[in-house]
Amino acid sequence: MQRRVVVTGIGAVTPLGSSVAKTWERAIAGESGVGPLTRLDASQFPMKVAAEVTDFDPEAFMDKKDARKMDRFTQFAVAAALMALEDAKFEITEENATRVGVWIGSGIGGMETYEQQFRTFLEKGYRRVSPFFVPMMIPDMASGQVSIVTGAKGINSCSVTACASGANSIGDAFKVIQRGDADVMITGGAEAPITSMAVAGFCSAKAVTTNEDPKTASKPFDANRDGFVMGEGAGILILESLESAQKRGAKIYAEIAGYGATGDAYHLTQPAPEGEGGARSMAQAIKDAGLKPDDIDYMNAHGTSTPYNDKFETMAAKTVFGDHARKLAISSTKSMTGHLLGAAGAVEAIFCVKAIEESILPPTINYETPDPECDLDYVPNKARKQEVRAALSNSLGFGGHNATLVFKKNAE
């Protein structure tokens, strides 16, 4: 018999704030975390804006010496994991450590470390390259360091599926508990991609916006959208078997009920026509949850603010939900956070959980000019009070990766 799995803790570091409370407060107020690009010399790139984390102090969560051995994306992950564990009021002990796992995704890992150390190699030779270079750079090190810092000794893994990494990691962690291989999973995604080469690559691919106004740069589903805003951060959820959560009297935010994952088999960067792969992922997740399409009240869209994604995701929603698509509330919180790449799905999963808990839908801000091809209810510009029985979160990644998560109100 499959075990039921619930969310008992959440932690986040985002461009809206270095906590879930601050992130959520600003999101439902419709505030933007997008600002001028400051981590790099903006004059070198056509990209002039970014969704940077500006209030993060790693030393609030770890020793300075330990922080220096972690890339920025790993620092984010460790901080968010510690916040999530504290929120869950869950203590990892010698008795339960082997039943607590970690599964945290990252799309590109320690790109900042790679660039810094490559410059050192070119200027000073291999002897001056840090012995911590490889363990700081590799994408699985967010999971590795969180395991070391927390003492979790169960399954320790990492999904690297571009912008679907966080969602795939949560889905895979959900299945670990469901089948009985762990009781608790620390899971989500982390990313720190605002680096010279990453920005250069996305600019060359013409994937990012060239809009220089931070207030309007990220505008999912709007007719004048022209690319995504690059962001950074981490989102971590504590998933727990219902039995474990009930036994210790834990607060339960929501139940994670369904997971879908598909491949487009189509193109390196573009989604399949009409969102065919994403539609199959959504349908799979809804079926896995034992629900019908009409049971979904809210969808947190991938909604990147790129021409193809928003159009095809809208078409996919119509395919899956049929007539219900017109009644379904859909929002893209990337309008406020920017696109956190491998961390996006995890932060957006937290938005779904909070929407269920508080019966508030975060908005899609900067929605000004309707697009005839994007004609559904995108919760434009202002948050909306509405009961959410079940919420769906989509994440789509380069390489044709599609991941969908379904959360619902916990009914014991």
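At 222 nm, what helix-only mean residue ellipticity would the chain give, in deg cm²/dmol to the nearest 500, using -39500 (n - 2.57) for each DSSP H run of four or more?
Details: 13 runs with 135 residues, N = 412.
Calculated at 222 nm, the ellipticity per residue is -9500 deg cm²/dmol.
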Mind sorting Leu392, Leu40, Leu239 by how few other Cβ atoms lie within 10 Å of their own Cβ, fewest first? Leu40, Leu239, Leu392
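At most 16 other Cβ atoms within 10 Å and a DSSP loop assignment: could you name the trypsin sites (Lys or Arg not before Pro) in segment 327-406 that fit? Walk me through the numbers before you get to the answer.
Numbers: sites: Lys327, Lys334, Lys354, Lys382, Arg384, Lys385, Arg389; in loops: Lys327, Lys382, Arg389.
Of the trypsin sites (Lys or Arg not before Pro), the ones in loops of segment 327-406 whose Cβ has at most 16 other Cβ atoms within 10 Å are Lys327, Lys382, Arg389.
Quick check on the chain: of the DSSP beta bridges with both residues there, what percent are antiparallel, nearest 5%? Let's see the in-between values first.
Working: 42 of 61 bridges.
About 70 percent, rounded to the nearest 5.
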The relative contact order of the chain, taking Cα pairs under 8 Å that sit 6 or more residues apart, comes to a percentage of 23
Going by the alpha-carbon gyration tensor, a ≥ b ≥ c the square roots of its eigenvalues, is the chain rounded (a/c under 1.5) or, if a/c is not under 1.5, prolate (a/b greater than b/c) versus oblate? oblate
Return the distance in nm (one decimal) between the two label points of a simple spin-label model at Glu86 and Glu243, each offset 7 Å from Cα along Cα→Cβ. 3.2
All lysines inside 28 Å of Lys311 as judged from Cα atoms, apart from same-chain residues fewer than 8 positions distant: Lys48, Lys206, Lys215, Lys219, Lys287, Lys292, Lys327, Lys334, Lys354, Lys382, Lys385, Lys408
May I ask you to list the aspartates and glutamates whose Cα is less than 17 Å away from that of Lys65, ignoring any residue fewer than eight positions away on the same chain? Asp57
Taking r as the C-beta separation of Lys153 and Thr369 and R0 as 56 Å, the FRET efficiency to the nearest 0.05 is 0.60
Under 22 Å between alpha carbons, and skipping anything fewer than 8 positions from Lys69 in its own chain: which lysines qualify? Lys124, Lys153
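Over segment 5-247, what per residue volume does the convex hull of the Cα atoms give, in whole Å³?
Numbers: hull volume 33.2 nm³, N = 243.
Taking the convex hull of the Cα positions in segment 5-247, it is 137 Å³ per residue.
Every number here is computed from the coordinates shown, using simple stated rules; none is lab data. Please read all numbers here as calculations on a predicted model, not as lab measurements. Glycine gets a Cβ as well: all are built from the backbone with ideal geometry, and neighbour counts include every protein chain shown.
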